[in-house]
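The values are calculated or read from the model by the stated rules, or taken from the named source; none is laboratory data. Fair warning: this is a prediction, and the values are worked out from it, not measured in the lab. Using ideal geometry, Cβ is built from the backbone for each residue, glycine included, and neighbour counts are taken over all protein chains shown. Just so you know, the surface numbers come from the protein's heavy atoms only, side chains and all, with ligands and any DNA or RNA stripped out. Shrake-Rupley method; radii C 1.70, N 1.55, O 1.52, S 1.80 Å.
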Amino acid sequence: MSAALFETLLRLGDNTLVLGHRVSEWCGKAPVLEEDIALANTALDLIGQTQMWLSYAAEVEGAGRSADDLAMLRDVWDFRNILMVERPNLDFGHTMMRQFLFDAYHRALLSGLAGSGDPRVAEIAAKAVKEATYHLDRSAETVIALGDGTEVSHAKMQTALDLLWPYTGEMFHSDEADAEMVAAGVIPDPEGLRPAWMDTVTATMAEATLTLPDSNFAHKGGRTGKQHTEHLGHMLTQMQWLQRAYPDATW
Amino acid sequence: MVRPDVQTIWGWLDEVPDPEIPVISVVDLGIIRDVAWDGDTLEVAITPTYSGCPATSIINLDVETALRDRGLDNVRLKQQLSPPWTTDWLSAKGAAKLENYGIAPPSPAGGPSKCPRCGSGDVERVSQFGSTPCKAHWRCLSCLEPFDYFKCI
Ligand SMILES: [Zn+2]
């Protein structure tokens, strides 16, 4: 198996899995019915994308594990998602700001991956980018409405942006596995995605009357698995509970 | 066993309703990408609408059941991701049935041209998401009824 390809597929699938689970935590308790449905549908898309990435990861690994095994039976240190997506939801504004910052990145990344030299990666990305595009439409619209809204909503969105900003740098960070995959034509260079992302973010924040923090500090350690936040472990106790308590349960 | 020809099988599949919008068939929806004989095995290629569409496994089950009911025992379903599904593949017959049923069919303009109930063009979007991943929630400002719009993707 290609260790770098396996690592890459875990990074893609773990981002969508962890964010998908976080977003699904809103099901049944979002501020209004329309938002509840929208969040649940977004979570479904992300979990569906996870199924495709982790199925391919499992095949590449060739160790007899399935996508379900990878999702439900790995522990914190084996997850390769960025730290931003494992953060707790906090309030609705924070959830939508995180979604927007991720969606803008996700669309740029998937657009690049749709031209991947690995045909399987290319077809999954071509499918997923259509969904990422309308996720971005919606999260950008919501960030603008709340940022350029009332005094209270504006203040909450600025707080959310300030809190999340140091978690955005990790999206563009790369290591040897990325370098190997970039050289093989499988993925676009992570740093090369930053300008398109920054354009989207700058334009949206201007419309939302929010101020971009003036700092390049970046929390890292999620996509390498070196140091996740304590939040991921707590999340996994919920997400993996059934398979841990009743191994191989089916219904 | 006599192998029914592929056209006949397409006709049978056109009688399998979409589980979430039963007025249209899985063929109308454009998700059946290929039907072909491989020796004695019938292979049917199906593409998902949305990655996370929860109806996907039900659709597979319904297709397989329908073919078994017609006496086909060797059926292989395969998932085909590429090219990704688009609402352009919705049949004209399907679009007409949707509108009749009260769901505005996809329109290249990005929104419904008229209310599927009263025909008024005075409509507004309530939410980009509706009762299923493939639909958005709109309302008519003339008859005041809410309605689903089958969104373009
Ligand atoms: Zn009307």
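Some observations on this one:
- Restricting region B:136-148 to residues that are open to solvent by less than 20 Å² (accessible area, probe 1.4 Å) and more than 13 Å from chain A (Cβ to nearest Cβ), the residue that is nearest to the chain's Cα centre (by Cα): B:PHE147
- Residue within region A:50-62 that is among the polar types (S, T, N, Q), closer than 18 Å to A:PHE100 by Cβ and crowded, with 23+ Cβ neighbours inside 10 Å present: no
- Hits in region A:207-244 - residues which are within 23 Å of A:GLU25 (Cα to Cα) and open to solvent by less than 50 Å² (accessible area, probe 1.4 Å): A:GLY222, A:ARG223, A:HIS228, A:THR229, A:LEU232, A:GLY233, A:MET235, A:LEU236, A:MET239, A:GLN240, A:GLN243
- Number of the exception - B:PRO133 against (1) more than 13 Å from chain A (Cβ to nearest Cβ); (2) more than 14 Å from the ligand (Cβ to nearest atom): (1)
- Residue in region B:73-86 that is over 21 Å from the mean Cα position of the chain (by Cα) and either within 14 Å of the ligand (Cβ to nearest atom) or part of a loop (DSSP other than H, G, I, E, B) (or both) present: yes
- Of residues in region A:1-49 being facing chain B (nearest Cβ under 9 Å) and among the acidic types (Asp, Glu), the one nearest to the chain's Cα centre (by Cα): A:ASP45
- Within region B:99-153, the set of residues being part of a strand (DSSP E or B) and aliphatic (A, V, I, L, M) comprises B:ILE103, B:ALA104, B:VAL123, B:VAL126, B:ALA136.
- Looking only at region A:20-49, and only at residues there that are assigned to a loop (DSSP other than H, G, I, E, B) and of a type outside the set (Lys, Arg), the one that is surrounded by the most Cβ atoms within 10 Å (Cβ to Cβ): A:TRP26
Residue by residue, here is whether (1) in contact with a Ser or Thr (Cβ under 9 Å, 6 or more places away or on another chain); (2) modelled with pLDDT of 95 or more; (3) not in a helix (DSSP H, G or I) holds:
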residue	(1), (2), (3)
A:ASN89	yes, yes, yes
A:TYR105	yes, yes, no
A:LEU109	no, yes, no
A:GLY115	no, yes, yes
A:GLU123	yes, yes, no
A:ALA140	yes, yes, no
A:ALA177	yes, yes, no
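- For B:ALA96: the one exception among (1) farther than 25 Å from A:ASP45 by Cα; (2) within 16 Å of the ligand (Cβ to nearest atom): (2)
- Any hit, region B:115-124, residues being more than 13 Å from the ligand (Cβ to nearest atom) and aliphatic (A, V, I, L, M): no
- Scanning region B:89-134 for residues that are in contact with a Gly (Cβ under 7 Å, 6 or more places away or on another chain) and closer than 27 Å to A:GLU141 by Cα, we see that the one that is least open to solvent (accessible area, probe 1.4 Å) is B:PRO133.
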